[in-house]
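Student: One structure coming up, written as structure tokens, with questions to follow.
The values are calculated or read from the model by the stated rules, or taken from the named source; none is laboratory data. Quick caveat, the model's predicted, so the values are computed rather than measured. FYI the Cβ positions are ideal-geometry reconstructions off the backbone, even for glycines, and counts take in every protein chain you see. Heavy atoms of the whole protein, side chains included, go into the accessibility calculation; ligands, DNA and RNA do not. Shrake-Rupley method; radii C 1.70, N 1.55, O 1.52, S 1.80 Å.
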Amino acid sequence: MEGKTSSSPERGELLHEGKAKRVYSTSQPDLYIQEFKDSATAFDGSKKGTIGGKGSVNCLVSAKLFKLLESRGVKTHFVDLISDNEMVILPVEIIMVEVILRNVAAGSLVRNLGFEEGKPLVPPICEFHIKDDAIHDPLIADDHVIALGLATAEELGILREYGKKINETLIEFFDGIGIDLIDFKVEFGRRPDGTIILADEISPDSCRFWDKETGKKLDKDRFRFDLGDVEEAYQEILERTGASM
Ligand code: UDP
């Protein structure tokens, strides 16, 4: 693990612990620290395990992709890396809607909606799911999101627009390193002034990556379905993306 830089804010109290990350306050009111763990869960937390090195892969890959997206005009919560599994972030109120972008059919599209795995989706599909493991993150229509008060119609328009822009940027980046971006999930948050920014992570936990040449899955599906080479796949994504401190 790398040492912290001298300008890093001091880590304060634990504010939130999720399945794969912890969020801490800091000595500065408008900065939090997000720490990435090696623990892994699947199927709404019913399958549990550890993927060695996952915390640092997900942190470094997320930082790399957040910086890329910022350079393309997408505002994110990323501020700075302070170690290989901790980043300084801007506090947000997380919008409890998962935004999923799909370029190729896989996962729940195959299980629940009868798509054939591997079917190209042109144009890409953008879906909203309620962020709530207790009810299995269900697919939800815009009117449900609005009626539940999770986001306004205007905010949903922004989530769709940002999702599309993020998808276009990431497709191009991963294409350049021989990887097909099959689908991914992103989460957004509101800043105190109401501005919406990209939050959470973008990593092999939250994306499906298939090698263009071999079709090999290089993401959390290796853990979900016991496909083997789990740690190796995460390390391969770290190396191919060129993500580092
Ligand atoms: N995903 C995620 N967190 C979730 C649900 C999905 O990061 O709680 C990601 C998943 O890794 C995949 C994409 O979102 O890259 C689409 O997932 P899908 O709806 O197919 O569900 P899954 O098959 O993962 O249950």
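Student: On average, how much accessible surface per residue is there in the chain, in Å², for a 1.4 Å probe, leaving out ligands, DNA and RNA?
Tutor: 47
Student: Along the three principal axes, how long is region 1-66 when you take its alpha carbons, biggest first, rounded to the nearest angstrom?
Tutor: Principal-axis extents of region 1-66 (Cα, largest first): 38, 23, 21 Å.
Student: What does region 12-158 give for Rg and for Dmax, in Å, if only its C-alpha atoms count?
Tutor: 17.1, 51
Student: Calculated FRET efficiency, residue 216 and residue 175, Cβ-Cβ r, R0 25 Å, to nearest 0.05?
Tutor: 0.95
Student: Considering the dipole of the chain built from charges on the beta carbon (Lys and Arg +1, Asp and Glu -1) around the Cα centre, which of 136, 108, 233 is farthest to its positive end?
Tutor: About the Cα centre, the residue reaching furthest to the positive side is 233.
Student: Please tell me which of these pairs span more than 30 angstrom C-alpha to C-alpha: 47/75; 164/216; 47/131; 19/64; 75/216?
Tutor: Violating the 30 Å Cα-Cα cut-off are 47/75; 75/216.
Student: Taking the alpha-carbon distance from residue 165 and a cut-off under 13 Å, which aspartates and glutamates remain once sequence neighbours fewer than 8 residues away in the same chain are dropped?
Tutor: 70
Student: Give me the compactness ratio for region 107-209, meaning the Cα radius of gyration over 2.2 N^0.38 Å.
Tutor: 1.14
Student: Taking each pair of different alpha-carbon atoms in region 36-112 once, compute 1/r for the pair, average those values, and report the inverse of that mean as the Kirkwood hydrodynamic radius in Å to one decimal.
Tutor: 14.9
Student: Further, regarding this structure: Which whole-angstrom value gives the distance between the alpha carbon centres of region 116-170 and region 182-207?
Tutor: 12
Student: Quick one: how many Å² of residue 96 are accessible to a 1.4 Å probe, rounded to 10?
Tutor: 80
Student: Counting Lys and Arg as +1 and Asp and Glu as -1, each charge on the Cβ, what is the dipole of region 104-204 about the Cα centre in debye, to the nearest 20?
Tutor: 60
Student: Here's another thing I want to ask about it. Per the Kirkwood formula on distinct C-alpha pairs, the Rh of region 170-224 is how many angstrom?
Tutor: One over the average 1/r among Cα pairs gives 12.5 Å for region 170-224.
Student: Reported to two decimal places, what Rg/Rh ratio describes the chain when computed on Cα atoms with Rh from the Kirkwood expression?
Tutor: Taking Rg over the Kirkwood Rh, I get 0.94.
Student: Out of every Cα pair in region 67-124, what percent are spaced more than 12 Å from each other?
Tutor: The share of Cα pairs beyond 12 Å in region 67-124 comes to 77 percent.
Student: Only Lys, Arg, Asp and Glu count, each charged at its Cβ (+1, +1, -1, -1), so figure out the dipole size of the chain about its Cα centre, rounded to 20 debye.
Tutor: With Lys and Arg at +1 and Asp and Glu at -1, about 120 debye.
Student: Tell me the chymotrypsin sites (Phe, Trp or Tyr not before Pro) within region 178-225 that lie in a loop according to DSSP and have at most 15 other beta-carbon atoms within 10 Å.
Tutor: 225
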